[in-house]
1. Need one number for segment A:290-410: average projected area of the convex hull over its C-alpha atoms, nm².
2. Within 10 Å of each Cβ in A:45-58, how many Cβ atoms from other chains are there, averaged over the peptide?
3. Percentage of Cα-Cα pair distances in segment B:73-132 greater than 13 Å, rounded to whole percent?
4. According to the Kirkwood expression over distinct Cα-Cα pairs, how big is the hydrodynamic radius of segment A:185-337, in Å?
5. So, in Å, what gap is there between the alpha-carbon centers of segment A:301-351 and segment B:32-51?
6. Starting from the Cα of residue B:226, move 7 Å in the Cα-to-Cβ direction to define the label point; list residues of segment B:1-20 whose amide nitrogen is under 19 Å from there.
7. P(r) of segment A:80-187 in 10 Å steps, Cα pairs, percent per bin?
8. Given axes a ≥ b ≥ c from the Cα gyration tensor, I'd like to know whether segment B:59-173 is rounded (a/c under 1.5), prolate (a/b larger than b/c) or oblate.
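Read the figures in this text as sums done on the coordinates, not as results from a lab. Bear in mind the structure is a predicted one, so any value in this text is a computation, not a measurement. Methodologically, a virtual Cβ is constructed for each residue, glycine included, from the backbone with ideal geometry; neighbour enumeration extends over all protein chains shown.
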C-alpha cells in the first residue's frame, strides 16, 4: 500500500532517487548478504512508503513536516581532520568511556582505525568495515532479527544506510568498560542520516553501552537509526540511551533485541530534548530465564513529541520483563506510550510488568498511553498500569510552607518523580551527570550546544550528602 | 504583637468556615487552641500559612506588623511562619537532607544571604537530630515515605528545629503519638521555646499540654474563639467536655 494515493512525499522521491543514483557507489557491496538486504529493503520501501498517521502504530506521530522537507540524504564521508574531543567534549567526571563516533552517518575515525580489536578481544568499529573483515561473524547475525522491513523507515534504512557501529563482545568476556557511541550531526544544511548498528554479546559476556544522539547545530535533521542487538546465553547488557537533539530534528530509533536463555538486558532511555523522538523497542526473549528491564524518562516541552513503542515477546518460559516509563510534559508537548507484551502459548511462569506514569504541566499537553497484553499461556503474572496526573498540590504546599518558592518546589517534585528512573543508573558518575542534566533541563538551562550531550563537565553539585533517590 | 488576627472570615469553596476570629499572640508565648472537630482549627492554620483555596473574605492577619494576606506560602514561611502538618505529606524521591538544605537555602536567598556551607549544614543537622531523637538513617530516607505516624511527627519537629521559626503552628501534632513519642515531641518544643518566638498549638486533647505548658488556652467553636483563659481552662475542658462550650456559644 502506498502512503498516499499515487502521490509521493518529496522525501519519498528523494529517497528512491538516492538509492537509484547511488552516488560514489556507497550502496555497492560485494558482500552478498548486505547486497540482498539492501535490495530487499528498497523493494519493501517501494511497497510500504513512508509511515503516516493512517497506520495504527503511527497514528499519534505525524512526520509529514519532515516528509515535506528538502533534505540532503546522507552525506559524503567526512575527513578525519579533528579528534572526536575537538568536536565535542564528553567528560563525565570520574568516569571514562571508550568513545566512538558517527558523524553525519559515517563512522568517524582515521582510515586505518575503522575497526579495532581491544585488548580484551572486543571488536568495535565501522559496520561497513566489519562486513569485509569478519564476514562469517557478521553474516551469522546481520539482518537476523527479521524486524528490519516492518515499516517504510526501517526498510529504507536497510537500503541506504551509510555506516554505523559494529560491536562484538566475545564469549566469556565480562568487560568492565563502557563503550560509548556518540552520533553527531553537523552539517550546514538540512540532512537526513540513516545508520545501522549491530551489537553482539557472546555467551557469559557483559558490557555497558552508552548510546548518545546529539545534534550540534540548529539545522533541521532527520535521523533514522536501526540497531540490532544479540545477547548470548547468560550474557548481560546495560544499554543507556541519551537523546538530546534540537527542536527541528526528528529521530527514529529502532532497536531490535534478541535474548538467549539466562541473559539480562537493562535499558535506560533518557529523552531530554528533540522535535520528534520515536523509540521502537522490539525485544524477543527467546531462551528460558531471560530478563529485560526497560526504564525510560522523557522531559518534553514546547511542541516536542516523543513516541515510545515497546514490544516485549515472551517466546520462552520463565522469563521476566518490566517496563517503567515516566514522563513530564509541559506547554503543548505530546507523548505516546505503546507497550505491548506478548506471551506465547508455552511461555509458562512468565512475569511481565508495565507502568507508564505521566505528569502534565498544562492543559495543552497530551499523552496517549496504550498498554496491550496478548497472553496465550495460563500460568503467568502480568500487570500494567498507566497514570496521568498533575503536580500534587498537597506536596507542593508542603514544600512551599518550608520556604521553597513555587517554581523550585515544582522542579523538586518533578525531579523526584523521575528519580525512579534515573536512580537506576548504577554508574555513579554517570548518574550525577544525568541528574545534573535533568536539573538543567527542568530549569531551562540545558542547551543543545557545541558539545556532547554529557557536556556538564563540571557537575554543579558534587554529592556532598547522600541524596537518596532509591525510595520512590 | 507578633500575630494579630482581626475579625477573620475565611471560606472554602464559598462555604464560610471562620466567622470572625480574633487572636493575638506575643513573642515568648505559647497558645493552645482547642475545640471539637470541624470548628475551623485547621482552617485557621491554613489561612495563616496562605494555603490555596482558603479565601479571606474579610478581616486581617497582621504578622510582625504587616498584613500578610497577599504573601505567598513560601514568603510567609521565609518570614518565619512554620506549620507542623496534621498529615505530613510523603514526598518520594526527595531525601530529608536534600529537602532541608533546599529549604534553608531558600530562606537564605529570601533574606539575601549566602547559601549554607556543607559543613555548617551537617553540623546543624547533627545538632537538631539529637533534639528530637531522630535516627541518622531516617534523614537519608525520602521525606515521610514509609514513616510511622510517630516518625512523621518527629520529622515535623525536626524540620521546625532546623528552620527556627518565629511563629510555629502545630496542627494536631500530638494525634497518633504514643506516650514516648509525645514526650520527645514536647521536649523538642520546650527546648526551642524562647523569648523571641511563639507557638500556637492546635490540639483536640489536653494530653500534650501536660508536657507543654501554655500561657493561654482558647476554645474554638463554629469558626470563632468562644472562650479564652489560662492553662486551667484545658483541664476544665478535659473534665467537662466540649458540650459545656457549646452551651457557652
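1. Working: hull surface 33.1 nm².
Across all orientations, segment A:290-410 yields a mean hull projection of 8.3 nm².
2. Numbers: counts 0, 0, 0, 0, 0, 0, 0, 0, 0, 0, 0, 0, 0, 0.
Mean number of neighbouring Cβ atoms from other chains: 0.
3. Result for the distance tail: 70 percent.
4. Values: mean 1/r = 0.0628 Å⁻¹.
Answer for segment A:185-337: a Kirkwood hydrodynamic radius of 15.9 Å.
5. 46
6. Answer for segment B:1-20: B:7-10, B:16-20.
7. 12, 39, 35, 13, 0
8. Since a/c reaches 1.5 but b/c is at least a/b, the shape of segment B:59-173 is classed as oblate.
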